[in-house]
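See below for the structure under consideration.
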Amino acid sequence: MNPYRFALASFCVLPTALPVSAQQEAATGAFTLDPIYLDVQFRQETEQEVPISVTSVQSDELKARGADRLDKVLPLVPNANFATVRGGIEASSVALRGISTTAYGADPSVAFYMDGVYVGADSAFDGEMPDLTAVNVMQGPQGTLSGHNAIGGAVQMRTADPEFGVNSTKLTFGVAEHGERSGEIVGNAALGERAALRYVLKRTYSDGWLVNEAGGDNLDSKDTLTGRIKLKAQVTDTWTSLLSYDHSKDKGRRYGFGPLDEVADTRRADSDQPLDETVENEGLSWTNTWDLEAGRLESITAWRHSDSEMHPGAHSTVSPILRYSSRDYEQLSQELRLTGQTDRLDWTVGLFAMKSSDKRGEGIALRDDYDYDYGGTTYTIPAGYGERSRAKIESETLAAYFDGAWALTDRIGILGGLRVSHDKKSIDYNHADTAGNGYSLLALTQDLDLSTSGTFVSPRIGMTWDVTPEMTAYGMITAGYKPAGFVSSFAETSDLEYDRETA
């Protein structure tokens, strides 16, 4: 039996196995699992109490499968899919219930959280995250609590926090096919009775499984280095502070260098100038929690940065086009929330603010003369011709939300929530040929400065019914949204804006 269970869609019946005493188990011969506790609603609840279609993959399952990155976790989740955008490691797309974003440069449709911090760069979705404790995948619109870009759902990835009073070090080594080797160290150090430090460092390397007939290293190789350090302190009896920094560097290569059947059968390809990519991600967060008479106050202040580069390269030797791209993404975010409860009411109020800057560049260059057919006439484009797009997208988001669960009776509950979000986005865009001829063939030559803004209200309302102590049914109506944005690469029109999406 798998050590994780999943909740079904809205209007579902959710049975949960509750623990029994050793005497009961000996008497009945029954085997039961301990309940799994989740904080997807910012409060500790069992899976049975969470009225959301959620799959929680816990630490034991993650370790057993060696799943420390999203592309290894999502295959365990129903109605979930993971794909790389354009085949490389520079951007990833997560699909939940068939809702996703595959357009390069557009915002994601599934919200991604790393240790409680919203991550806006899709180049960070598939990085290694060693020392994982849980991955929670919430399906369907999550417009109230996890409201930004969550029309398909939300993914929460949690890593282990420092443990007070514990001194430990763990070394792990691994080997796999295609010459893959990995090494990982996880340590926990007690700093007195009220503070602790936790650190993790992992290196993974592989030779690649595609022999390059053009010479050089194999293709689809792997070279990653990931590190994280956390410092946790019990400052007072009611104040806990957690400081975290992570950094990762991922260097990979594409492997679609020829007809798929030939590549799969021979494990050989021909590329004299492969598409080499490098992606770096780093983040710093400071989480403070205060236990007050009114409830628990939590503040999460975070900065994240993502830098990626695809060096000039071609899909195959016969391709006359060299492609290249770069991205420099940076965000600052702040979230404040107060969570409390009475005999019959559990409630959360919060504020969320984020500002980001996304600088993108993409271009092509011809390494050979190219015959271009237009209107029945053949034109020869000389080697060295190129085009490139450059864009700087700046975004601001401000949201306020409330969510609560009220026990109408001992067995029937009413749920409700509301999130009001205001988003503002602007783009400074330029497309031109690299030789300065004043014309381009693949996209319009233009220089634009555009902006858009909007406000959206995301409600949630529903009911729960405890059919038995071990079974809960719920019904939920909820909405989510993704704000309007801009196309940022090789635009064929001067109208770069795409509309807001809702679900």
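The values are calculated or read from the model by the stated rules, or taken from the named source; none is laboratory data. These numbers were taken from a predicted model, which means no experiment stands behind them. In this analysis, Cβ positions are derived from the backbone assuming ideal geometry, glycine residues included, and neighbour counts consider all displayed protein chains.
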Worksheet entry | Candidate set from segment 48-68 (those that are out of contact with any Asp or Glu (no Cβ under 9 Å at 6 or more places or on another chain), of a type outside the set (A, V, I, L, M) and within 29 Å of Gly416 (Cβ to Cβ)); member that is surrounded by the fewest Cβ atoms within 10 Å (Cβ to Cβ) | Glu49
Practice prompt. Could you grab me the full set of residues in segment 156-186 that are surrounded by 14 or more Cβ atoms within 10 Å (Cβ to Cβ) and over 17 Å from Met129 (Cβ atoms)?
Written response: Glu163, Phe164, His178, Gly179, Glu180, Arg181
Item to complete: Of the numbered conditions (1) more than 28 Å from the chain's Cα centre (by Cα); (2) farther than 20 Å from Ala491 by Cβ; (3) among the small types (Gly, Ala, Ser), Ala365 fails exactly one; give the number of that condition.
Response: (2)
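Taking segment 245-292 as the search range and keeping residues that are among the small types (Gly, Ala, Ser) and in contact with a helix residue (DSSP H, G or I) (Cβ under 7 Å, 6 or more places away or on another chain), which one is modelled with the lowest pLDDT? Break it down into steps so the answer makes sense when it comes.
Here is the first cut: in segment 245-292, the ones among the small types (Gly, Ala, Ser) are 248, 252, 256, 258, 264, 269, 271, 283, 285.
Keeping just the survivors that are in contact with a helix residue (DSSP H, G or I) (Cβ under 7 Å, 6 or more places away or on another chain) gives 256, 269.
Values: Gly256: 54, Ala269: 79.
Ranking the qualifying residues of segment 245-292, first place goes to Gly256.
For segment 338-431, give me every one of the strands (runs of 3 or more DSSP E) that falls completely inside it and has 3 or more residues that are at pLDDT 95 or above and within 30 Å of Ser451 (Cα to Cα).
On the way: elements: 345-366, 370-374, 377-381, 386-407.
Strands (runs of 3 or more DSSP E) meeting the threshold: 345-366, 386-407.
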Worksheet item: For segment 423-445, which residues satisfy the criterion of being within 19 Å of Asp371 (Cβ to Cβ), in contact with a strand residue (DSSP E or B) (Cβ under 9 Å, 6 or more places away or on another chain) and without any contact (Cβ under 8 Å) to a residue 40 or more places away in the chain?
Response: Tyr439
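Which one of Val119, Val94 is in contact (Cβ under 8 Å) with a residue 60 or more places away in the chain, within 16 Å of Thr397 (Cα to Cα) and not small (Gly, Ala, Ser)?
Val119
Name the residue that is surrounded by the most Cβ atoms within 10 Å (Cβ to Cβ), counting only residues in segment 478-503 that are assigned to a strand (DSSP E or B) and in contact (Cβ under 8 Å) with a residue 60 or more places away in the chain. Even if it seems obvious, please write down each step before you answer.
If we filter segment 478-503 for residues that are assigned to a strand (DSSP E or B), which is where we start, we get 478, 481-482, 485-486, 497-498, 501-502.
Now restrict to residues that are in contact (Cβ under 8 Å) with a residue 60 or more places away in the chain: 478, 481-482, 485-486, 498, 501-502.
On the way: Thr478: 20, Tyr481: 23, Lys482: 26, Gly485: 24, Phe486: 23, Tyr498: 16, Glu501: 19, Thr502: 13.
So, considering only residues that are assigned to a strand (DSSP E or B) and in contact (Cβ under 8 Å) with a residue 60 or more places away in the chain, the one surrounded by the most Cβ atoms within 10 Å (Cβ to Cβ) is Lys482.
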Worksheet item: When you scan segment 59-100, how many residues do you find that are out of contact with any strand residue (DSSP E or B) (no Cβ under 8 Å at 6 or more places or on another chain) and polar (S, T, N, Q)?
Response: 0
Response to the item:
Flagged in segment 293-317 as at pLDDT 95 or above, surrounded by fewer than 16 Cβ atoms within 10 Å (Cβ to Cβ) and either of a type in the set (A, V, I, L, M, F, W, C) or not in a strand (DSSP E or B) (or both), in numbering order, are Trp303
Worksheet item: Out of all the residues in segment 74-98, which are under 17 Å from Gly152 (Cα atoms) and not in a strand (DSSP E or B)?
Response: Leu74, Pro75, Val77, Pro78, Asn79, Arg97, Gly98
